[in-house]
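This report refers to the structure that appears directly beneath it.
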Ligand code: UDP
Ligand code: MG
């Protein structure tokens, strides 16, 4: 029996893309030795997307339409599509052909070599503004800094191939905020990456604006790690050390000054310094309590996320 490939494609106001997408996809995949199911998720489109999809079902019997009750956004649409897939391998991609379906056979080759996650990394970003490229780079740098053990790969969006059991583990993560590109690396398993040149959107226009990109960046960081919260603790420790040093210098300087009767600094200045130290002490106390709250908050977050503490790949016995 042939294995099943599930394609998941979210669509929001993509009436210009529906036919072109399905035609390109099925042409690019016609020589594959896999059965195909295409899960198209209509994410509350206000145009003809749904009607066109229903019509297209006559030509493409492998097309399954998941119609959402309203617009839930890219991540929501992808998650909905993934939840109904039956495939042995799953590939989510965008409807605008920016994730070229012609790459899927290469992804499958890697799968057949034994990889369970094959990331499709954008080597170039054709037609994107310097601003978008710059913010994207910054985004991956910041994520890289904050994610400790789990590395979110650079310039990899939704487009990738995952095996059934990787998807099952992703679905089991019951985070409320879903960021697919950060969930897959958490789940792990044998992973590789191939690179591709990202083409321009074929028709229509991007749905992402600066605010949405910022939201995605924050969601990715906050859902992946509690490192940002731990910054408070790190700051408190460093500040505490500096504070301690300044108190010691005050005592030594004052001692030497009075002991040797040098009058390096006037008494008024010592008094001002002392007052500054007392204020600094209060600041340290406040920082300490903030750090304490941040530490507990971080643990509460992890407990609420209830992610598995480990995932077993296989058990090897003799
Ligand atoms: N999309 C969606 N819901 C939304 C916004 C976008 O399902 O609220 C879909 C959209 O139809 C496309 C994919 O997500 O298939 C990527 O969107 P877009 O091409 O606008 O993003 P960009 O490539 O500019 O990052
Ligand atoms: Mg796009």
Per the filter on segment 9-24, residues closer than 16 Å to residue 91 by Cβ and within 15 Å of ligand 2 (Cβ to nearest atom) are 9, 10, 11, 21, 24
Note on segment 224-238: residues crowded, with 17+ Cβ neighbours inside 10 Å and in a helix (DSSP H, G or I) are 224, 229, 232, 233, 236
Looking across segment 72-97 at residues that are more than 19 Å from the chain's Cα centre (by Cα) and within 16 Å of ligand 2 (Cβ to nearest atom), the single one that is farthest from residue 3 (Cα to Cα) is 96
Picked from segment 1-24 (must be crowded, with 22+ Cβ neighbours inside 10 Å, within 15 Å of residue 159 (Cβ to Cβ) and more than 9 Å from ligand 1 (Cβ to nearest atom)), the residue nearest to the chain's Cα centre (by Cα) is 8
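Results for (1) farther than 24 Å from residue 182 by Cα; (2) away from ligand 1 (no atom under 15 Å from the Cβ), shown as yes or no for each residue.
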{"site": "56", "(1), (2)": "yes, yes"}
{"site": "67", "(1), (2)": "yes, no"}
{"site": "90", "(1), (2)": "no, yes"}
{"site": "95", "(1), (2)": "no, no"}
{"site": "106", "(1), (2)": "no, yes"}
Verdict on residue 137 being farther than 22 Å from residue 20 by Cα and either touching a helix residue (DSSP H, G or I) at 6+ places or on another chain (Cβ under 8 Å) or away from ligand 1 (no atom under 16 Å from the Cβ) (or both) | no
When restricted to 149, 132, 141, 172, the only residue at pLDDT below 95 and under 13 Å from residue 82 (Cβ atoms) is 172
If I filter segment 262-273 for residues that are part of a helix (DSSP H, G or I) and either within 47 Å of the chain's Cα centre (by Cα) or touching a residue at least 12 places away in the same chain (Cβ under 8 Å) (or both), do I get at least one hit?
yes
Flagged in segment 267-277 as over 12 Å from residue 246 (Cβ atoms) and either exposed (fewer than 13 other Cβ atoms within 10 Å of the Cβ) or touching a strand residue (DSSP E or B) at 6+ places or on another chain (Cβ under 6 Å) (or both), in numbering order, are 267, 268, 269, 271, 272, 275
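The values are calculated or read from the model by the stated rules, or taken from the named source; none is laboratory data. Computed from a predicted structure; not experimentally measured. Please note: Cβ atoms are built from the backbone with ideal geometry, for glycine as well, and neighbour counts cover all protein chains shown.
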